[in-house]
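The values are calculated or read from the model by the stated rules, or taken from the named source; none is laboratory data. What you see is a predicted model; the values in this text were computed from it and never measured. Cβ coordinates were reconstructed from backbone atoms using ideal geometry, including for glycine residues, and neighbour counts include every protein chain displayed. To get the accessible areas, we keep the full protein, side chains included, count just its heavy atoms, and leave off ligands, DNA and RNA. Shrake-Rupley method; radii C 1.70, N 1.55, O 1.52, S 1.80 Å.
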Amino acid sequence: MENSPIPLRKWFIAMYLIQSHKKGISSIQLSKFISVTQRTAWFMLHRIRYGMKDMLELQVGGENEIVEVDETFVGGKNKNRRWDKKVKQSQGRSFKDKTPVFGILQRQEYDTIKRQHKVIPTKTVIEKIITRPAKLIAIVIPNTKGKTLKPLLYERVKEGTIVVSDEWKAYNGISRVFNHQVVDHKRSQYVNESGFTTNTLEGAWSILKRAIIGTYHKADRIHLQRYADEFSYRYNTRHLSDVERFNSSNINCRLTYKQLIRWKAA
């Protein structure tokens, strides 16, 4: 916000709105809320997203902790394209029209307590008390090969962690460092014999996809990491109220408009 001609009140409103909307807020909608141009709102949102990366965990896991890993692909679908704009051989893990994103998610921990119903005195309910929130790291990657995924795993996940993945061959060999559990989706297996699953991370991906499809409609590959950081921060703080999340913000970096345009031009 240094030397910004935009009033500080509008910056705070923008920060509150992007953090409190589960699927984000578009630059057009924000421009209407705070009475600025769409280009200004777009720049403000990207600057806030850029700051969110400093509030994310750098490493997750630990002895006997469960971490799910999976990749998703962000981009359009051929069935939604006009016949002359369809991309050939873009099925499956093709990156011609999609960008892969690698996810590492440490599950939340919680306790359950019985308490009296707030409205019906004769009834008791079981309430979930979160003791440790979930931690999600989403990283935009060039491909899903083992030489790309494994270094990220070794860097971001502590040794001895229980790592749950699907049957993708890129994860072969990580059992030397982690307790590797495989869920074979090709065989329609969603919970393996030991009771492990990647459904938590699959659910997180569904929220990310709905945000891009329903709110942003399109995210350029060059900017996608900032959208991923925005989503990760909001997911990791979803146990907080909107006010608590806003008060816990600690953005200490800066992205200039020239940098943003230069990345886009590249």
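Filter region 119-140 for residues that are free of Cβ contacts under 8 Å to residues at least 24 places away in the same chain and either among the charged types (D, E, K, R) or part of a loop (DSSP other than H, G, I, E, B) (or both) and give the result.
V119, I120, P121, T122, K123, E127, K128
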Among the helices (runs of 4 or more DSSP H) confined wholly to region 189-266, which include 1 or more residues that are surrounded by fewer than 17 Cβ atoms within 10 Å (Cβ to Cβ)? 199-211, 242-247, 257-265
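Residues E167, E159, E155, E127: which one is surrounded by fewer than 19 Cβ atoms within 10 Å (Cβ to Cβ), modelled with pLDDT of 90 or more, in contact with a strand residue (DSSP E or B) (Cβ under 8 Å, 6 or more places away or on another chain) and among the acidic types (D, E)?
E167
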Being exposed (fewer than 14 other Cβ atoms within 10 Å of the Cβ), in contact with a helix residue (DSSP H, G or I) (Cβ under 9 Å, 6 or more places away or on another chain) and either at pLDDT below 95 or farther than 30 Å from N179 by Cβ (or both) narrows K10, K32 down to just K32
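In region 173-183, is there at least one residue being within 19 Å of E65 (Cβ to Cβ) and open to solvent by 90 Å² or more (accessible area, probe 1.4 Å)?
yes
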Every listed condition ((1) of a type in the set (S, T, N, Q); (2) modelled with pLDDT under 90; (3) farther than 26 Å from K98 by Cβ) holds for S188 save (3)
Tell me the residue from G92, G75, G62 that is small (G, A, S) and modelled with pLDDT under 75, please. G92
Enumeration of residues in region 219-263 that are more than 23 Å from T72 (Cβ to Cβ) and among the basic types (K, R): R245, R254, K258, R262
By residue number, the members of region 56-76 that are more than 15 Å from the chain's Cα centre (by Cα) and buried (at least 20 other Cβ atoms within 10 Å of the Cβ) are G61
